[in-house]
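The values are calculated or read from the model by the stated rules, or taken from the named source; none is laboratory data. Everything numeric in this text was worked out from a predicted model, so none of it was measured. Neighbour counts are summed over all protein chains in view; Cβ atoms, including those assigned to glycine, are modelled from backbone coordinates with ideal geometry. Surface accessibility is based on the protein's heavy atoms, side chains included, excluding ligands, DNA and RNA. Shrake-Rupley method; radii C 1.70, N 1.55, O 1.52, S 1.80 Å.
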Amino acid sequence: MSTRTMYTPQNPLDQYPRPPFPPQQQDGPGDIHEMTPVPDHGEQSYLGSGRLAGRKAIVTGADSGIGRAVAIAYAREGADVALSYLPEEQRQAEEVAQLVEKAGQSALLFPGDLQDEATNGALVEAAVAAFGGVDILAIIAGTMPTVDSIDDFETKTLDHVLKANIYPLFWLTKAASPHLKPGASIVTCSSIQGFQPSPQLAEYAVSKAGIANWTRAMAQQLAERGIRVNGVAPGPVWTPLQPAFVPNEKIESFGSEAAYGRPGQPAELAPPFVLLASQEASYISGETIAVTGGTPVH
Ligand code: NAD
Ligand code: MG
């Protein structure tokens, strides 16, 4: 039996599954248990070492994909974690809450649609009430409808994408602001799409470019308060977002466009989110780190 772990030096090209993948489609927001192969969020693999001891985090999109991997990693690094997700994702979120508690930390389950400003405020207040404060905001939730042609553009699609992907940056940060002390950290989730957009993802890509831009603006605005703001720009990652929004022909070859020729797993995104949240990143602010399997972004 192999004793290879995510910490063992090895060839990253064959560390995780490569395409082709079996055809599969889901209705959004999607379920990790309906994916083949099931993604790795670090449930078995991520080991913490106290890098976030005593911290109190809010993670959006925490039920699945990148947010799930980040919530697991934050807890194993010693943080209490408030889990934000859509109501229909309750079962997946409860699994994450159990993993957080198994790591010896407190979990808060907070279902709700972040397109509503009041939900964002209520999430922050619930986390503060449960944990006695908040000092890490990992804003990871996102949606990605595809539109083939400008002739099919609909205002409601852009409203939806911006409300889900951009507005919560402002709403959550404003609500958390009175609670954020020097040393607090905000981590956003952009995308390679924010820098190199695909033709069918214009609404999504403009939101992801906006996230990287907001990250730079807010880092400067909050610097004098000792609050850092950074982001991660993932390349293709094996999460339910993909079978929920992209057609089967792209699922079968998913990740083949990356220099590694494979998609990332959510577990491979957690370490940069941990670094950026931790005090080890004390001199990093306003940066968006590309995690793309070798494809240049900037
Ligand atoms: P995912 O579907 O597992 O996670 C997205 C989550 O966003 C959902 O679980 C849901 O809880 C949340 N969400 C969506 N709309 C919401 C709303 N209105 N209110 C509250 N929560 C909402 O997929 P993922 O790929 O892990 O996505 C996480 C982030 O990563 C997204 O911002 C996505 O744009 C970004 N990203 C993903 C990839 C990729 O290839 N998977 C690449 C680059 C960036
Ligand atoms: Mg989900």
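Evaluate the relative contact order of the range 53-291 (contact order divided by residue number), counting alpha-carbon pairs under 8 angstrom at least 6 apart; express in whole percent.
Relative contact order of the range 53-291: 20 percent.
Between Gln220 and Phe170, what length comes free when the chain is fully extended (0.36 nm per residue of separation minus the Cα-Cα distance, one decimal in nm)?
16.5 nm
State in Å² the accessible area per residue of the chain; use a 1.4 Å probe, count heavy atoms of protein chains only, and round to the nearest integer.
With the other protein chains kept in place, the chain gives 43 Å² per residue.
How many percent of the accessible area of the range 121-194 is carbon or sulfur, using a 1.4 Å probe?
Numbers: 1740 of 3090 Å².
Of all accessible area on the range 121-194, carbon and sulfur atoms account for 56 percent.
Hey, what do the phi angles of the range 127-139 turn into as Karplus ³J(HN,Hα) couplings, whole Hz, using 6.51/-1.76/1.60 and θ = phi - 60°, x for Gly and Pro?
Rounded to whole hertz, the list is 5, 5, 5, 6, 10, x, x, 8, 9, 9, 10, 10, 9.
Mind listing the long-range amide H neighbours of Gly112? Cut-off is under 5 Å, sequence gap 5 or more, other chains count too, H placed in the peptide plane at 1.01 Å from N.
Counting only residues 5 or more places away or on other chains, the set is Tyr85, Leu86.
Expressed as cubic angstrom per residue, what is the convex hull volume of the alpha carbon set of the range 97-232?
Each residue corresponds to 119 Å³ of Cα convex hull volume.
Remind me, what semi-axes does the range 228-271 give for its equivalent ellipsoid, largest first in whole Å, using sqrt of 5 times each Cα gyration tensor eigenvalue?
21, 13, 9
Do any chymotrypsin sites (Phe, Trp or Tyr not before Pro) in the range 1-103 lie in a DSSP loop with no more than 14 other beta carbon atoms within 10 Å, and if so, which? Before the final figure, lay out the partial values.
Details: sites: Tyr7, Tyr46, Tyr74, Tyr85; in loops: Tyr7, Tyr46.
Those satisfying the criteria are Tyr7.
Pop out the Kirkwood hydrodynamic radius of the range 177-298 from its pairwise C-alpha distances, inverse of mean 1/r, in Å to one decimal.
15.2 Å
What does the helix-only formula give at 222 nm for the chain: each DSSP H stretch with n ≥ 4 adding -39500 (n - 2.57), the total divided by the residues, and the result rounded to the nearest 500 deg cm²/dmol? List each step's numbers first, then the result.
Values: 9 runs with 105 residues, N = 298.
Helix-only estimate at 222 nm: -11000 deg cm²/dmol.
Apply the Kirkwood formula to the chain: the hydrodynamic radius equals the inverse of the mean of 1/r over all pairs of different alpha-carbon atoms; give it in Å with one decimal.
Kirkwood hydrodynamic radius for the chain: 19.0 Å.
Need one number: the % of Cα-Cα pairs in the range 1-74 sitting beyond the 21 Å mark. It would help to have the intermediate numbers written out before the result.
Details: 1133 of 2701 pairs.
Roughly 42 percent, once rounded to a whole number.
What lysines does Lys208 reach when the alpha-carbon gap must be under 23 Å and sequence neighbours fewer than 8 apart in one chain are set aside?
Within the straight-line cut-off, Lys208 pairs with Lys156, Lys163, Lys174, Lys250.
Would you mind finding the longest exposed-site-free stretch of the chain, with exposed GluC sites (Glu not before Pro) meaning DSSP loop and at most 11 other Cβ atoms within 10 Å?
Result, exposed sites excluded: 1-153.
Accessible area of the range 13-62 with a 1.4 Å probe: how many percent of it is carbon plus sulfur? Numbers along the way, then the final one.
Working: 1260 of 2400 Å².
Within the range 13-62, the accessible surface is 53 percent carbon and sulfur.
What is the Cα centroid distance between the range 136-153 and the range 16-94, reported in whole angstrom?
Answer, in whole Å: 19.
Each residue of the range 207-212 in turn: what ³J(HN,Hα) in whole Hz from Karplus with 6.51, -1.76, 1.60 and θ = phi - 60°, glycine and Pro shown as x?
Each residue's phi maps through the Karplus curve to give 5, 6, 5, x, 5, 5 Hz.
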